[in-house]
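Take a look at the structure set out below.
The values are calculated or read from the model by the stated rules, or taken from the named source; none is laboratory data. As the structure is a computational prediction, the values presented were derived from the model and not from experiment. Neighbour counts run over all protein chains shown; Cβ positions are idealised from the backbone, glycine included. Ligands, DNA and RNA are stripped out before the accessible areas are found, and what is left, the full protein with its side chains, is counted by its heavy atoms. Shrake-Rupley method; radii C 1.70, N 1.55, O 1.52, S 1.80 Å.
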Amino acid sequence: MDFSLTEEERLFQEELREFLQKELRPITPKIDREGIPHEFVKKAAPLGIWAMPVSQEVGGQGASFLVSSIAAEEIARADFSMATAVLFLLESGWGYVLDKYGSRDLRETVLPKVTSGDWFLGIASTEPTGGSDVAGIKTTAKRENSTYLLNGQKIYISGVTEALEWGGGHLTLAKTSPEAGHKGISMFYVPIKSKGVEVSKIENMGRMGISSGILRYLNAEVPENFMVGEKDKGFYYAMDGFNHARVLVSAACVGAGETILDMGIEYVKSREVFSKKLKDYEAIAFEAAELKTRLEMAKLLTYKAAWMMDRFPNSDETAMLAAMSKLTGPQTAFEIIKSVMMWMGAYGYTKDALIEMGFRGVVSYMVGAEGAMNVMKLIISKRLFG
Ligand SMILES: Cc1cc2nc3c(=O)[nH]c(=O)nc-3n(C[C@H](O)[C@H](O)[C@H](O)COP(=O)(O)OP(=O)(O)OC[C@H]3O[C@@H](n4cnc5c(N)ncnc54)[C@H](O)[C@@H]3O)c2cc1C
């Protein structure tokens, strides 16, 4: 067993950290207020971080999941509001799916634009009737000559404004054989500016730098060659993408958790209460020790899940580890943020301390983004009990 990064991985991590601490960290409060600037996305593109697992022939790096996890960690270390991490993991997870299952034509149309930072690529799965039960979606896609007509609605969809303003679209799940349950779902690449797509915005409480919205398909026209892979296989492609994205969520939470814990440690080293430094109270020092231990556990689980994704991407055990990491990473980061806020007293509750951005961002992963917590437990328990 070898826990060390290779020389190449370590150099990539160092170079990315240096770039992000210089270019991203200072603008995160602005991102939280106004959104991720497209100029930043373009400027970061030469580092190869957008849709990085995508193969080189369509502009990607062919990066391993471990390297993608390192990148997610570094991005959230710089922007712990999670907005940039969400952009990263959407491009990565859904770029990976499009590259793995899409036709050459579709891959060549979309992926070079995503890897260059020009276009946005996301996922449109959740509907007003629920997001956890993916097999229960109601949106339909009916073929008419060489076009599919989509009807239905998607909600809480990340990146609608970015897709409208930068270009791009979403991998969209729709029923092509409605009677066949999860075996009757297909996946389509739907450019947001397609005829028959209506867009409206939703305001979230956190990760404000990336938009959320509703997509309505009113006989939305999608060319047949925009179907990803085979008809009726979309559910399986989506699960592959979610497993990938879940590991990156956890990696982002590890990065955010580590940065915020470091900020808390610096604070308690200097803050005096009752004539003693906060760090010299065991109540604080032991809490810090426990949080650091939990963080290390979350990190090891994330790296193991990424390692498994690299070797056994479609195995049940990998899906379970991805769910375990998604269950653990956000909760660990949340506990760290909560404790650091308490250590900082009233200052922790101010916008100046920046911690509240992380608090609002991490909660999104607990309530639903990339799957709710009980759904992670469902995946793990199914593996336990069959
Ligand atoms: C910030 C944010 C961004 C998002 N971005 C996207 C996006 O880009 N694309 C997209 O498609 N979706 C997106 N989503 C939606 C997300 O995928 C859903 O929130 C998630 O799948 C849960 O669906 P739901 O919110 O409809 O909750 P529901 O499915 O209605 O679940 C409600 C509650 O019931 C629990 N639950 C569900 N099943 C069980 C069970 N069997 N046993 C016990 N408890 C259960 C859940 O854990 C949850 O707490 C986003 C969500 C958020 C918060």
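Assorted remarks:
- Matching residues, segment 110-141, being in a helix (DSSP H, G or I) and touching an Asp or Glu at 6+ places or on another chain (Cβ under 7 Å): 111, 114
- Of the residues in segment 366-373, not one is more than 16 Å from the ligand (Cβ to nearest atom), open to solvent by less than 30 Å² (accessible area, probe 1.4 Å) and closer than 13 Å to residue 246 by Cα.
- Exactly one residue out of 250, 270 is among the small types (Gly, Ala, Ser) and surrounded by 23 or more Cβ atoms within 10 Å (Cβ to Cβ): that is 250.
- Enumeration of residues in segment 237-284 that are of a type in the set (Ser, Thr, Tyr) and under 30 Å from residue 49 (Cα atoms): 237, 250, 259
- Subset of segment 118-153 that is near the ligand (Cβ under 6 Å from one of its atoms) and touching a residue at least 12 places away in the same chain (Cβ under 8 Å) - its residue that is surrounded by the most Cβ atoms within 10 Å (Cβ to Cβ): 124
- Yes/no for residue 350 being among the β-branched types (Val, Ile, Thr), under 25 Å from residue 28 (Cβ atoms) and either at pLDDT below 95 or touching a Ser or Thr at 6+ places or on another chain (Cβ under 7 Å) (or both): no
- The C-beta contact set for segment 359-372 (first residue in contact (Cβ under 8 Å) with a residue 24 or more places away in the chain, second residue among the hydrophobic types (A, V, I, L, M, F, W, C) and near the ligand (Cβ under 6 Å from one of its atoms), distance under 8 angstrom, 6+ apart or interchain) comprises 366/372; 366/373.
- Test result for residue 217, under 18 Å from the mean Cα position of the chain (by Cα) and of a type in the set (Phe, Trp, Tyr): no
- Summed over segment 374-386, the residues that are more than 10 Å from the ligand (Cβ to nearest atom) and in contact (Cβ under 8 Å) with a residue 60 or more places away in the chain give a count of 3.
- Residue tally, condition open to solvent by 30 Å² or more (accessible area, probe 1.4 Å) and closer than 15 Å to residue 127 by Cα, over segment 183-198: 1
- Against the test of being outside any helix (DSSP H, G or I) and hydrophobic (A, V, I, L, M, F, W, C), the options 305, 369, 333, 319 yield a single qualifying residue, 369.
- Scan of segment 168-199 for residues that are assigned to a strand (DSSP E or B) and closer than 18 Å to residue 230 by Cβ, ordered by number: 171, 172, 173, 174, 175, 185, 186, 187, 188, 189, 190
- Of the candidates 209, 255, 213, the single residue that is open to solvent by less than 50 Å² (accessible area, probe 1.4 Å), part of a strand (DSSP E or B) and closer than 25 Å to residue 115 by Cβ is 213.
- Applying the criterion of being over 30 Å from residue 384 (Cα atoms) and of a type in the set (Gly, Ala, Ser) to the residues of segment 303-358, the residue that is most open to solvent (accessible area, probe 1.4 Å) is 346.
- Extreme residue, farthest from the ligand (Cβ to nearest atom), among residues of segment 154-167 that are open to solvent by 10 Å² or more (accessible area, probe 1.4 Å) and assigned to a strand (DSSP E or B): 155
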